[in-house]
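Working notes, structure below.
The values are calculated or read from the model by the stated rules, or taken from the named source; none is laboratory data. Because the structure is predicted, anything quoted here is derived from the model rather than measured. Don't worry about glycine lacking a Cβ; one is built from the backbone with ideal geometry, like all the others, and counts go over all protein chains shown. Ligands, DNA and RNA are stripped out before the accessible areas are found, and what is left, the full protein with its side chains, is counted by its heavy atoms. Shrake-Rupley method; radii C 1.70, N 1.55, O 1.52, S 1.80 Å.
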Amino acid sequence: MNGTLLIARYTRFEMGRIFRNPRFLIFSMALPVIMFAAFTATDPTDTLGPITVGPYIMISMASFGAMMAVVAIGTRIALERAGGWSRQLRLTALTGPQYLVCKVLGGFTLALPALIAVFIEAVVLGRPR
């Protein structure tokens, strides 16, 4: 089997598995959106140095959501290794470096919805100006 096709299939499987995880959805997608709405609910003209608070909090919460999605991959790798899943994967055509590439690609791809959710909320609430 082609190595690129194998990586694409396992990455797609991994992303679907992570999206079914409620902790991922809460901490990397819902929490930044809720915190952005809460922190910017005050006066929209509040400033923090030379910029208003809205864009500062928007970037902070989007970064928080993206980092939660990416850092969670390391935890997943450790849990899968402890549970014996890595040993099972050695029986397949997926090599160790391919497994790691799949995890990294999945993590970075799953960071995008967190970024997009916060940016859309900011535009809808009219706070990034």
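Scattering from the chain was approximated by placing one identical point on each alpha carbon and applying the Debye formula without solvent; log10 I(q)/I(0) at 0.14, 0.19 1/Å stands at -0.67, -0.97.
Selection among 28, 44, 124 by position relative to the dipole of the stretch 1-128 gives 28 as farthest towards the positive end (Cβ unit charges, Cα centre). Projecting label points 7 angstrom from Cα along Cα→Cβ for residue 124 and residue 108 puts them 2.9 nm apart. The accessible area of residue 58, taken with all protein chains in place and a 1.4 Å probe, comes to roughly 30 Å².
Relative contact order for the chain: 41 percent, from Cα pairs under 8 Å spaced at least 6 residues apart, divided by residue count. Rg over Rh for the stretch 81-129 works out to 1.33, both radii taken from alpha-carbon positions and Rh defined as the Kirkwood radius. The calculated FRET efficiency for residue 19 paired with residue 39, based on their beta-carbon distance and R0 = 25 Å, is about 0.40.
Helical runs (DSSP H, four residues minimum) scored at -39500 (n - 2.57) apiece and divided by the length of the chain put the mean residue ellipticity at 222 nm at -24000 deg cm²/dmol.
Taking the protein heavy atoms of the chain in the context of the full set of protein chains, the accessible area attributed to carbon and sulfur is 71 percent at 1.4 Å. Considering all different alpha carbon pairs of the stretch 1-74, the Kirkwood hydrodynamic radius works out to 14.5 Å. Per residue, the chain exposes an accessible area of 61 Å² to a 1.4 Å probe, with every protein chain left in place.
Measuring r between the beta carbons of residue 92 and residue 116 and using R0 = 30 Å, the FRET efficiency lands at 0.35. For residue 10, the solvent-accessible surface computed with a 1.4 Å probe is close to 20 Å², ligands and nucleic acids excluded. Dipole size of the chain about its Cα centre, with +1 on Lys/Arg Cβ and -1 on Asp/Glu Cβ: approximately 700 debye, rounded to the nearest 20. Between residue 80 and residue 2, the distance separating the two model label sites (each 7 Å from Cα on the Cα→Cβ line) works out to 2.2 nm.
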